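Enquirer: Before I ask anything, here is the structure I am working with.
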Amino acid sequence: MSKASWFRLPGLAAGAALAATLAAPAVAGTLDTVKQRGTLQCGVSEGVLGFSAKDAEGKWSGFDVDFCRAVAAAVLGDANKVAFTPLSASERFDALKGGKVDLLARNSTWTLGREAELGLAFAGITYHDGQGFLAKRSLKVDDALSLDKAKICVEAGTTTQLNLADFFKSNSMTYEEKVYPSAAEAFAAFESGQCDVLTRDQSALHGERLRLAKPADAIVLPDVISKEPLGPVVRSDDFPWFNVVKWVNFALVNAEELGISTGNVDEALKSQKPDARRFTGAEGGFGKAMGLDADWAIRAVKATGNYAEIYERNLGTGSKLGIPRGLNQLWSMGGVLYAPPLR
């Protein structure tokens, strides 16, 4: 082989490889798959009051459920075009990575490990939570530092289990850990007396207390031992889909800040204010840039309401749980809820 031929081969090989790449069919992203299927596959919990729970007629409701419906409305134009898949804590991330669901909205905590090690991406925070304790009143304790030597029920494979160990170690306390494969089993064990304390996110504990035969026999302790930023999760290898889910999240928050709700959608569509016109899709072209229709954001709000409406309906003071907004209030009203502008 001549030296001239030897130098030409890499270029020829590179050209052939490029031609083959250009000729190969493009792999459909999640957004295209959802549109072609006509249904959003959404992973939710197996039952957390206020977040995702199914009634006797099989109808799903809750904060996370409404977020899924908002995404379906933005992408497909119909909030009812969503199928819910109940997932345990141990199977939720594998189900997402394996393509069983397009989106996971299952009161999951955003952590470094879950993104860096599992290949997932959290599309923002929808609920700022913290881990707490539900204790039997018979224990006669009023704070977490009084739980030394207590029997504590916890769900396996969760940040809750890790935080529990950290809390007791940091405070030189001991406890008897009772681990169960699902939240339902951990609750049943607590209810039957196999442990004195149940630990979960505080928002979930308020709902669990109401499920007890005698709710007054248990108390949610005031202590918050961790920060639990909960939010929707997607696969990290599909940025366009990540962008869609992320901006539906931001749109619900921005709608509250702009005063756009289910009660005034028609007025918003007629508004001449620049920020309202961008939100409704009358100007800006942001929907097209994301592969959506121009009115994607206003469709989401029309279907489920803005962030405040979703919160109050499922978790707020007007719901069974009666949880104050607290940190989940808008930044302009003393909370930490903040969304980048649609512009």
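Enquirer: Please find the FRET efficiency linking LYS270 to THR317, where r is the Cβ-Cβ separation and R0 is fixed at 30 Å, and quote it to the nearest 0.05.
Expert: The calculated FRET efficiency here is 0.40.
Enquirer: Take the Cβ-Cβ distance between ASN243 and GLU185 as r, set R0 to 41 Å, and report the resulting FRET efficiency rounded to the nearest 0.05.
Expert: Efficiency computed from Cβ-Cβ geometry: 0.65.
Enquirer: Hey, another quick one. Computed from the coordinates I sent, percent of Cα pairs over 25 Å apart equals one of [x] 49; [y] 57; [z] 60. Tell me the label.
Expert: Evaluating percent of Cα pairs over 25 Å apart on these atoms matches [y].
Enquirer: Please sort 322-333, 131-142 by packing, taking for each peptide the average over its residues of neighbouring beta carbons within 10 angstrom, highest first.
Expert: Result, highest mean first: 131-142, 322-333.
Enquirer: Ok, one more. For a Förster distance of 41 Å, can you work out the FRET efficiency between the beta-carbons of SER172 and LYS214, rounded to the nearest 0.05?
Expert: E between SER172 and LYS214, to the nearest 0.05, is 0.75.
Enquirer: With θ set to phi - 60° and the Karplus curve 6.51 cos²θ - 1.76 cosθ + 1.60, what are the ³J(HN,Hα) couplings of the range 311-327 in order, to the nearest whole Hz, using x for Gly and Pro?
Expert: Couplings: 5, 5, 5, 9, 10, x, 5, x, 9, 5, 6, x, 8, x, 4, x, 4 Hz.
Enquirer: Here's a follow-up. Per the helix-only calculation at 222 nm, which mean residue ellipticity applies to the chain, given -39500 (n - 2.57) for every DSSP H run of n ≥ 4 and division by its residues, nearest 500 deg cm²/dmol?
Expert: Here the helix-only value at 222 nm equals -12000 deg cm²/dmol.
Enquirer: For the chain, modelled as a Gaussian network with Cα springs under 10 Å, which listed residue fluctuates most, SER271, SER182, SER52?
Expert: Residue with maximal mean-square fluctuation among SER271, SER182, SER52: SER271.
Enquirer: Still on this structure, please answer the following. So, in the range 157-302, how many Lys pairs have Cα atoms under 23 Å apart, if the pair is 8 or more places apart or on different chains?
Expert: Within the range 157-302, the lysine pair count is 12.
Enquirer: What does the charge count near LEU96 come to, summing +1 for each Lys or Arg and -1 for each Asp or Glu among other residues with Cβ under 15 Å from its Cβ?
Expert: -2
Enquirer: Relative contact order for the chain using alpha-carbon pairs under 8 Å, separation at least 6, rounded to a whole percent?
Expert: Relative contact order of the chain: 20 percent.
Enquirer: Excluding GLU46 itself, what net charge comes from residues whose Cβ is under 11 Å from its Cβ, given Lys and Arg +1 and Asp and Glu -1?
Expert: Here the count lands on 0.
Enquirer: Please tell me the relative contact order of the range 41-156 in percent, rounded to the nearest whole number, where contacts are Cα pairs under 8 Å and at least six residues apart.
Expert: For the range 41-156, the relative contact order is 26 percent.
Enquirer: Okay, moving on. Can you tell me the length gained on complete extension of the stretch THR262 to ASP148, counting 0.36 nm per residue apart and subtracting the Cα distance?
Expert: 36.2 nm
Enquirer: Using θ = phi - 60° and the Karplus curve 6.51 cos²θ - 1.76 cosθ + 1.60, what whole-Hz ³J(HN,Hα) does each residue of the range 219-236 get, with Gly and Pro shown as x?
Expert: 9, 7, 5, x, 5, 10, 9, 7, 9, 10, x, 9, x, x, 10, 9, 6, 7
Enquirer: Turning to a different aspect of this structure: Work out the charge dipole of the chain with +1 on the Cβ of Lys and Arg and -1 on the Cβ of Asp and Glu about the Cα centre, then indicate which of ILE225, TYR127, GLY287 is farthest towards its positive end.
Expert: After comparing all options, I get GLY287.
Each reported figure results from applying straightforward, stated rules to the coordinates on display, with no laboratory input. Just so it is clear, the structure is predicted and the values come from calculations on it, not from any experiment. All Cβ positions, glycine included, derive from the backbone under ideal geometry; neighbour counts span all protein chains shown.
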